Amino acid sequence: MEKVIFWLFLLAGFLSLVGCGPHYYKPASGPNQPAEIIVSAYSQQGCLDALQEEARARNVEVKLKDIQTELGWQIFTFPFYKGYRCIGIVVEQKK
């Protein structure tokens with residue numbers, strides 16, 4: 001029983017460190033700084049799709065700013081770690 005509890009704590013600690021990648025809306029920080037939407041996914045196409053889906057959910061149009069790949073040692077935690085991050089600039093509110 002002690003071994004089971006040990007492994008459960010170890011697994012819970014590991015999962016808390018891994019995370020699932022960023023997924024958030026960053027409001028405009030100034031008059032010349034546009035708002036941004038940042039999402040993550042397992043693939044580049046999935047990242048682009050997630051960005052467009054988030055834009056539709058927020059009723060805005062976005063322009064792709066950057067796609068970043070973070071495939072370091074975290075690639076070994078594949079089911080939990082999304083290695084692609086897409087950053088989109090909010091262009092305008094949909095009517």
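Setting aside same-chain residues fewer than 8 positions from LYS26, which aspartates and glutamates have a Cα under 19 Å from its Cα?
List returned: GLU36, ASP49, GLU53, GLU54, GLU61, ASP66, GLU92.
Taking H as built 1.01 Å from N, whose amide H comes closer than 5 Å to the amide H of LYS26, not counting residues under 5 places away?
Hits under the 5 Å cutoff: GLU36, ILE37, ILE38.
Once both labels are modelled 7 Å past Cα along the beta-carbon direction, what's the GLN93-ILE67 spacing in nm?
Spacing of the two 7 Å Cα→Cβ label points: 3.1 nm.
Values in this text are rule-based calculations from the coordinates and carry no lab data. If you're wondering where the values come from, they're calculated on a predicted model, not measured in any experiment. With ideal geometry, Cβ positions are generated from the backbone for all residues, glycine too; neighbour counts draw on all protein chains shown.
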